[in-house]
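One structure below.
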Amino acid sequence: MRLRIIFSGGSLSLWGRMPSCARVVNPRSLRRLPIGAQVTNLPHSLKLGGHLVVVALFCFIVTAFANPVVEIVSVNTSSINGTAGSLDFNFNPGTFVTQSASLQILNFSSDGALAGSPVVTGDVSGTLPGTLTFDNGTALNDYFEGFTFGSILKFDVSLYGPALSSPDGTSKSGSSFAFSMFSDPEGATPALTSDLVDGIALSVNVNMDGSTTLTNSSAETSVQAATVPEPGSLAEVLLLFLGIIFVRRGAGARSKPT
């Protein structure tokens, strides 16, 4: 969630990606205003009170919506350096009712070479080495592309959406991400994996309680969970910011001659 706060001339504006239910509250009239509205033309004490109401609301929102689950993936492909093979990424729902979730492949990099002209199936957008975005809205969501391996391959996996941030408790299936490497352009011969049945090197399951389970079947693949700031940390910074403003403006008001 990205939020930019603009404070100028005794008013406070909120701009950014926030849930549609969020509102800026005018403490004088208690009337709901649209996102981006400014609290203006209020007595000094009510302006500050309005600012604190806005920050309290924001603190509630950022606590309610969890950060994405981000895994940093690095594969040592030196043993198949120069091999004309292929890569496959997919993110699919389970057999039964599955809650909405999305996934992105970010920061793809390698000293190998992508073949271009990927084969895309289902709800997938983007093209490597740019960002790939998947959702679990159809039964099969797959991105397959030819790839000549170098010595290293890296990318990040970001999982997000209601299935992770607010599990509904009624869905009967989770969703699953899988990454596979093949030593042939057709994707028939799995490479760098001990899973010779499905050919999967790395998988991440989104469980029905919002947790995730990672399975690494590749000795050459390392996975590190990204450090993402807790929502409470941002809320504390905003409260401190508003507290400083409150003290400084209060002191300024007391120092004015009567």
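None of the figures in this text is laboratory data; all of them are computed from the coordinates on show. Model, not experiment: these values are computed from the prediction. Backbone-built Cβ (ideal geometry, glycine too); neighbour counts: all protein chains shown.
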Which of the peptides 84-92, 186-194 is most tightly packed, and how do the rest follow, going by the mean number of other Cβ atoms within 10 Å of each residue?
84-92, 186-194
Using only the Cα atoms of the stretch 69-225, build the gyration tensor, take square roots of its eigenvalues as a ≥ b ≥ c, and label the shape rounded, prolate or oblate: rounded if a/c is under 1.5, else prolate if a/b is larger than b/c, else oblate.
prolate
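Set the Förster radius R0 to 45 Å, insert the Cβ-Cβ distance between Val97 and Ile152 as r into 1/(1 + (r/R0)^6), and round the FRET efficiency to 0.05.
On the way: r = 40 Å, r/R0 = 0.89.
The computed FRET efficiency comes out at 0.65.
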Approximate spin-label separation Thr138-Ser183, in nm, with each point projected 7 Å along Cα-to-Cβ
3.3 nm
List, in order, the whole-Hz ³J(HN,Hα) value for each residue of the stretch 110-115 obtained from phi through the Karplus relation with A = 6.51, B = -1.76, C = 1.60 and θ = phi - 60°; use x for Gly and Pro.
5, 8, x, 9, 6, 7
For Glu220, what residues show an amide H to amide H distance below 5 Å, using hydrogens built from the backbone and excluding near sequence neighbours?
none
If you bin every alpha carbon distance in the stretch 106-148 into 10 Å steps from zero, what whole percent lands in each bin?
28, 53, 18, 1
